[in-house]
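The values are calculated or read from the model by the stated rules, or taken from the named source; none is laboratory data. As the structure is a prediction and not an experimental result, all values here were calculated from the model. Using ideal geometry, Cβ is built from the backbone for each residue, glycine included, and neighbour counts are taken over all protein chains shown. Heavy atoms of the whole protein, side chains included, go into the accessibility calculation; ligands, DNA and RNA do not. Shrake-Rupley method; radii C 1.70, N 1.55, O 1.52, S 1.80 Å.
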Amino acid sequence: MRTIALAASVLAFAVAVAGCGGGHPAVMPPAPTTTAAATPNGPGALQAEATAAATGDIPDNQVFLVFTNGPAGYSVKYPEGWAQRGSGDAVSFRDKNNIVRIDVRTGGAPTKATVQQDVARLRGAHIVSAAQVTTLTGRPAFKVVYSTESGPNTVTGKRVKLVVDRYYLWTRGRRAVIDLGTPQGVDNVDAYRLMIESFRWR
């Protein structure tokens, strides 16, 4: 009798457990989702600093040094004495509101359409010149010109307008977006031409 009673108790317990689990299927992790391939995205728009000292033209006798970025795979000339910020895929050189930024990412060659889409997403930017095909050191590239304004100076209330030449360059699965910013009224055409034409993939 004890054996029969014990067996009945075990059976009743099993039925009770099964009943508690009924109607509550096991929770499975969500299936992975896929998204459409994004168009090439570049960095945000350059902006000047309202508190920076007044910026003059880069002098004609300016000495240039060569910056080699091993991880990102390129070299470029930059003015001696300019402050370098960042490393790896995102590097900038700056002297007051003269600003040059190089952003390298993986990706294929952009098209005029994807460049226009990218620039259209720049917050606070006014497009001065739409995407145009150009050539740098024998390689095709795209050039866009845009402008931005800094916030107001806390003392004078004045804003600094920055005019930026943006270039899109690419090679074997890598893409570089290079912004060269100049405060309005400052002439850096020759110096910036030297810099952009010195860019070399490595």
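Within the range 95-113, track down each residue that is under 17 Å from the mean Cα position of the chain (by Cα) and part of a strand (DSSP E or B).
ILE99, VAL100, ARG101, ILE102, ASP103, VAL104, ARG105, THR106
Which one of ALA45, ALA52 is surrounded by 17 or more Cβ atoms within 10 Å (Cβ to Cβ) and at pLDDT 95 or above?
The match here is ALA45.
Based on this model, can you work out whether ARG85 counts as within 15 Å of the chain's Cα centre (by Cα) and surrounded by fewer than 16 Cβ atoms within 10 Å (Cβ to Cβ)?
yes
I'd like the full set of residues that are surrounded by fewer than 18 Cβ atoms within 10 Å (Cβ to Cβ) and part of a loop (DSSP other than H, G, I, E, B), limited to the range 147-174.
Those that are surrounded by fewer than 18 Cβ atoms within 10 Å (Cβ to Cβ) and part of a loop (DSSP other than H, G, I, E, B): GLY151, PRO152, ASN153, THR154, VAL155, THR156, GLY157, LYS158, ARG159, ARG172, GLY173.
Which of the residues belonging to the range 116-126 are in contact with a Ser or Thr (Cβ under 9 Å, 6 or more places away or on another chain), open to solvent by less than 70 Å² (accessible area, probe 1.4 Å) and either over 14 Å from VAL145 (Cα atoms) or not in a loop (DSSP other than H, G, I, E, B) (or both)?
Residue satisfying the conditions is ASP118 alone.
Within the set of pairs 6+ apart or on separate chains, which have a first residue in the range 45-65 that is closer than 14 Å to ASN153 by Cβ, a second that is part of a loop (DSSP other than H, G, I, E, B) and small (Gly, Ala, Ser), and C-beta atoms under 8 Å apart?
Every condition considered, the pairs that remain are GLN47/GLY124; GLN47/SER150; ALA48/SER150; GLU49/SER150; ALA50/SER150; ALA50/GLY151.
Taking the residues in the range 55-64 that are out of contact with any Asp or Glu (no Cβ under 9 Å at 6 or more places or on another chain) and not polar (S, T, N, Q) as candidates, determine which candidate is most open to solvent (accessible area, probe 1.4 Å).
PRO59
In this structure, is VAL144 modelled with pLDDT of 95 or more, hydrophobic (A, V, I, L, M, F, W, C) and open to solvent by 50 Å² or more (accessible area, probe 1.4 Å)?
Taking the combined requirement at face value, the residue does not satisfy it.
Can you name every residue in the range 175-189 that is open to solvent by 40 Å² or more (accessible area, probe 1.4 Å) and touching a strand residue (DSSP E or B) at 6+ places or on another chain (Cβ under 9 Å)? Before you say what the answer is, go through the steps one by one.
As a first pass, look at the range 175-189 and keep what is open to solvent by 40 Å² or more (accessible area, probe 1.4 Å): 184-185, 187, 189.
Result: GLN184, GLY185, VAL189.
Does ALA130 meet the test of being touching a residue at least 40 places away in the same chain (Cβ under 8 Å), open to solvent by less than 70 Å² (accessible area, probe 1.4 Å) and hydrophobic (A, V, I, L, M, F, W, C)?
When the stated conditions are applied, ALA130 does not pass them.
Of all residues in the range 109-131, which are out of contact with any Phe, Trp or Tyr (no Cβ under 7 Å at 6 or more places or on another chain), within 21 Å of THR171 (Cβ to Cβ) and of a type outside the set (D, E, K, R)?
THR111, ALA113, THR114
Yes or no, residue by residue, for (1) among the hydrophobic types (A, V, I, L, M, F, W, C); (2) touching an Asp or Glu at 6+ places or on another chain (Cβ under 9 Å):
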site	(1), (2)
GLY107	no, no
ILE127	yes, no
PHE142	yes, no
ASN153	no, no
ARG159	no, yes
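Under 9 Å by Cβ, and 6 or more places apart or on different chains, what pairs join a residue from the range 159-179 that is among the small types (Gly, Ala, Ser) with one that is open to solvent by 50 Å² or more (accessible area, probe 1.4 Å)?
If the second residue must be open to solvent by 50 Å² or more (accessible area, probe 1.4 Å), the pairs left are GLY173/THR106; ALA176/ARG105; ALA176/TRP170.
Confirm whether VAL189 is among the aliphatic types (A, V, I, L, M) and touching a Ser or Thr at 6+ places or on another chain (Cβ under 8 Å).
Criteria not met by VAL189.
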